[in-house]
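Laboratory data are not the source of any read-out in this text; all were calculated from the coordinates shown. Keep in mind the model is a prediction, meaning the values are calculated, not measured. Cβ atoms come from the backbone with ideal geometry, glycine included; neighbour counts cover every protein chain shown.
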Amino acid sequence: MAVDAPPTKSGPAKSGMSKRQRGRVIRGTQYAVLIAVLAALAVLADWGRLQEAFFNLDVAAGLFPDVITVALVNTVVYTALGFGFGLGLALILALMRMSSVGPYRWISGAYIEFFRGLPALLIFLSVGIGIPTAFPGFSLNRNITIMLSLGIVGSAYMAETIRAGIKAVPGGQIEAARSLGMSPARTMITVVIPQAFRIILPPLTNELILLTKDSSLAFVLGSTLDQQELTQFGRAALTNFRSMTPILVVGLCYLIIIIPLSVVQQRLERRFGGGADKGSSGHGSGT
Amino acid sequence: MNDVKIDISGLRKSFGSVEVLRDIDQQVTAGEVVCVIGPSGSGKSTFLRCVNLLEEPTAGKVVVDGIELTDPDTDIDAARRRLGMVFQQFNLFSHLSVLSNLTVAQRKVLGRGKAEAEAVARENLERVGLADKAAAMPAQLSGGQQQRVGIARALSMNPDVMLFDEPTSALDPELVGDVLAVMRGLADEGMTMLVVTHEMQFAREVADRVLFMDGGGIVEQGPPADVIGAPKEERTRSFLARVLNPTHTEAAPTE
C-alpha cells in the first residue's frame, strides 16, 4: 500500500481483504458451522433406537386405513364445522364492533376480549360440560359442541382480523360505491367485504391452520372409536403398540391437511392479485 | 334562469376550525359545462364533493333537479343516482372486472336485469373506446383506460349531471388526451358537467363558464375567453401565469 496514496472510497481495507472477500469468508464460516452441527447430530444420536421407536413400519402399517378414513376425516370435519361457524360469527362481531350503535360495539368488544383471553381447552370444557349442566335435559350433539367450541375460539381472533381487513379497504372504493347510489349496507356487502377478505386471506389461513390443530381438544368431550380425531387416535395407538411411530404418522397427517391449505392460499392470492392499493391508483399515483 | 340543474346557495364547509368553503352561491343550467380552476387548497375539490354530499356541507343548500340534497330527510342514495362522479384516483372496484364495474350498481341500485345492464355497460364501453376491455381487471389497464372505465361506469347509471374531480391529474401526460377526448364528446352531446381541472386548454375550449376559486371562495367567473383569456383579478392572473408558464415564473407573489 502506497503511503502517499490519497484516501479512497473503495480501496483495500486495513485487514488486507476487500469487502467482497470478507463476505466470502463469512459465508464460508456459516456453511462450516451448519455442517459441523449436522455431523454432530448424526454421530451422537442413537439412530438404531430412534428408528425402532419412530420408524417402525409394522406399527405404521397397522394404523392404516383407520388413521385416514376415521381420524384424518374427523379432524377435517371438526375443523370445517368450527371454522365455518367461527367465520360467520366473526363477521357479525366485526360489523358490530364498527356499528354506530354503542351497545353493539361494547358487546362485541367484551366478547372478543373475553374469549381471546381464555385457553381453548377451557372453552371446550365449558361448552361440553357447562351447557348440559346449566340446562338439564338439553343435550348438544357432539359435533355441534365441537362446532360451537372451535367456532367461539376462532371467532374471537377472526373478528379482529376481519375488522382490520374492512378498515384497510381504501376509502375511495367506498366513495365510488356511495356516489353510484349504493346505500351503506349495500356498499359493505358488494364492495367492502369482498375486498376485505382478499386482504385478510393470509391471516385467515393462519387461523384455519390453528383451528385444525385446536380440533385435537375434542378429546375432552370423550369419544367413541369412530369419533377420534388425529391426536386422540395417535395417543390411543401409542398405548396399543408401545411405539412412538403413531406420533410420526399422525404428525404427517396434520401436514397432509395443512400444506395444501398454504398452496390454496397462494393460488387464491394470485388469482385475486393486483390488490386494491395497486389497482386503484394506477399510473403515476398522485396525492 | 330556466332549467337549473344544480342550485347551490350559501354553501359553507369547515374542517374543524379551518374554513374551506365560504358562502358559495352557484347555479348550473342544463347542458352547461362549468370548469372549476384554482390553486391547490383553494377548496375546488371540496366544492365539487359537496354537490353530491360526499362532503357534508357545514351550512347552505344544495338542490339538484329541484330536490334538496342537504335536507336530512332526502333519500341521498336516490338523489346520487342523478349525479355521476369521476374521481382523480379512478376508484374502480378492484375486485370486479371492467364489465362488472359497470353493471354492479345498475343491477343492485337500479334493479336492472343482467341482460339490460350488460347491454348498457357495453354501449358505454364503446362510447369511451374500450369495448374490447370488458373482461379485463382494473389492475390490467393503464391509468387512462381506468379513468375512461370510470367515466363509463358513471354514465351507465344514466345520470343527469356529471361531476369530474381532477380526472386527469393522476395520469401520465401521454394518457391525458384520451380522457379529455371522451369528456369533450360528452360535452358535445349536451351533458351537464361540473369539472374540477388543471387542464386550461380543455377549459378554454370546452367550458361554457369557468370559475376561478381561491381561498375557499369564487374569485372570478365568466366565459373562458374572459377568465382565462383576459382575467380581471390579480389572483387569477398570477395563478394563470404560474400554470400556463410553469418554467418562467418567479416565486409566487405575496400580498
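Here r is the Cβ-Cβ distance between A:N141 and A:R49 and R0 is 56 Å; the resulting FRET efficiency, rounded to 0.05, is 0.80. Shape class for segment B:94-158: prolate, because the ratio a/c of the largest to smallest gyration tensor axis (alpha-carbon atoms, square roots of eigenvalues) is 1.5 or more and a/b beats b/c.
Would you mind getting me the FRET efficiency between B:E56 and B:S9? Use the beta-carbon distance for r and R0 = 25 Å, nearest 0.05. The computed FRET efficiency comes out at 0.95.
Across segment B:181-193, coupling constants 3J(HN,Hα) worked out from phi with the 6.51/-1.76/1.60 Karplus curve, θ = phi - 60°, read 4, 4, 5, 5, x, 4, 4, 5, 7, x, 5, 7, 9 Hz, and Gly and Pro carry x.
In order along segment B:99-114, the phi-based Karplus estimate (6.51 cos²θ - 1.76 cosθ + 1.60, θ = phi - 60°) of 3J(HN,Hα) comes to 4, 5, 4, 7, 9, 4, 6, 4, 7, 7, 9, 8, x, 6, x, 4 Hz; Gly and Pro are listed as x. Remark on B:V36: its backbone amide H falls under 5 Å from those of B:V195, B:V196, B:T197, B:L211, a criterion applied only to residues 5 or more positions apart or on other chains, H modelled at 1.01 Å from N.
With contacts taken as Cα pairs under 8 Å at a separation of at least 6 residues, chain B carries a relative contact order of 25 percent. Span-like helix check, chain A: qualifying full DSSP H segments, with Cα axial length of 15 Å or more and mean Kyte-Doolittle of 0.0 or more, are A:19-44, A:73-97, A:142-168, A:201-214, A:230-241, A:245-271. Axis of helix B:234-244 versus longest Cα principal axis of chain B: the two differ by about 50°, to the nearest ten degrees. Scalar couplings 3J(HN,Hα) for segment B:11-23, obtained by applying the Karplus form with A = 6.51, B = -1.76, C = 1.60 to θ = phi - 60°, are 6, 10, 8, 10, 9, x, 8, 8, 8, 9, 10, 10, 6 Hz; x denotes Gly and Pro.
Other protein chain C-beta atoms within 10 Å of residue C-beta, averaged over A:167-179: 6. For A:K19, the lysines whose Cα falls under 16 Å of its own Cα, not counting residues fewer than eight places away in the same chain, are A:K9. Using the Cα gyration tensor of segment B:23-178, with a ≥ b ≥ c the square roots of its eigenvalues, what is the shape: rounded (a/c below 1.5), prolate (a/b larger than b/c) or oblate (neither)? Taking the square roots of the gyration eigenvalues as a ≥ b ≥ c, segment B:23-178 is oblate. Where a ≥ b ≥ c are the square roots of the eigenvalues of the C-alpha gyration tensor, would you call chain A rounded, which needs a/c under 1.5, or, failing that, prolate if a/b is larger than b/c, or oblate? Since a/c reaches 1.5 but b/c is at least a/b, the shape of chain A is classed as oblate. Taking amide H as placed 1.01 Å from N in the peptide plane, B:V86 has its amide H under 5 Å from the amide H of B:L163, B:F164, B:D165, each at least 5 places away in sequence or on another chain.
Applying 1/(1 + (r/R0)^6) with R0 = 22 Å to the Cβ-Cβ distance of B:E189 and B:Q140 gives a FRET efficiency near 0.15.
Take the residue pairs B:K13/B:K133; B:K61/B:K114; A:K167/B:K5; A:K213/B:K108; B:K108/B:K133 and return only those whose Cα atoms are more than 32 Å apart. The answer is B:K13/B:K133; B:K61/B:K114; A:K167/B:K5; A:K213/B:K108. Put a dot 7 Å past the Cα of A:V263, heading toward its Cβ, do the same for B:L244, and the two dots end up 6.6 nm apart. Over chain A, dividing the summed -39,500 (n - 2.57) contributions of all DSSP H runs of at least 4 residues by the number of residues returns a 222 nm mean residue ellipticity of -22000 deg cm²/dmol.
Think of it as helices only: each DSSP H run of n ≥ 4 in chain B is worth -39500 (n - 2.57), and spread over all residues that comes to -10000 deg cm²/dmol at 222 nm.
Axis of helix B:143-155 versus longest Cα principal axis of chain B: the two differ by about 80°, to the nearest ten degrees.
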